[in-house]
Amino acid sequence: MGNEINSMGNEINSMGNEINSMGNEINSMGNEINSMGHEINSMGNEINRMGNEINSMGNEINSMGNEINSMGNEINSMGNEINSMGNEINSMGNEINSMGNEINSMGNEINSMGNGFK
């Protein structure tokens, strides 16, 4: 019976390790998404700067510059949304890591119980 309990504990530990690994992967994805969001924000700022230069060229070009500024603001907004998604994914990854740790703890407790039956 102790061996069966130990086996169950080992399986639960294995599941916990897999969940921790998934959490780490999700955190990594969140960091990559955050990085992409920063890059998109940077692109939006550059587009806004270009829009201001085009405005100085004349009234007709002024209209085009305003459109580019609008695109930059939309890109900044998208970057902020992607940053927010990245933060949410990081939070989910942290929760999954916490769950994995709890499952590992349960597996260790079951292993300890199994050792008592040997």
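Side notes on the structure shown:
- For the chain, with +1 on Lys and Arg beta carbons and -1 on Asp and Glu, the positive-most of N76, N24, G37 along the dipole: N24
- Here the chain is assigned +1 on the Cβ of each Lys and Arg and -1 on the Cβ of each Asp and Glu. Its dipole about the Cα centre then comes out at about 300 debye.
- Across region 36-77, Cα-Cα pairs more than 11 Å apart make up 54 percent of the total.
- Over the chain, DSSP H runs of length four or greater, each weighted -39,500 (n - 2.57), average out per residue to a 222 nm ellipticity of -36000 deg cm²/dmol.
- Stokes-Einstein diffusion coefficient of the chain, Kirkwood radius over Cα pairs, 25 °C, 0.890 mPa s, in µm²/s: 140 µm²/s
- The angle between the Cα long axis of helix 2-55 and the longest principal axis of the Cα atoms of the chain comes to about 10 degrees, rounded to the nearest 10.
Only the coordinates and a few stated rules stand behind these numbers; no lab work does. Because the structure is a prediction, the values reported are computed rather than measured. No Cβ is skipped: glycine too gets one built from the backbone with ideal geometry, and neighbour counts run over all protein chains shown.
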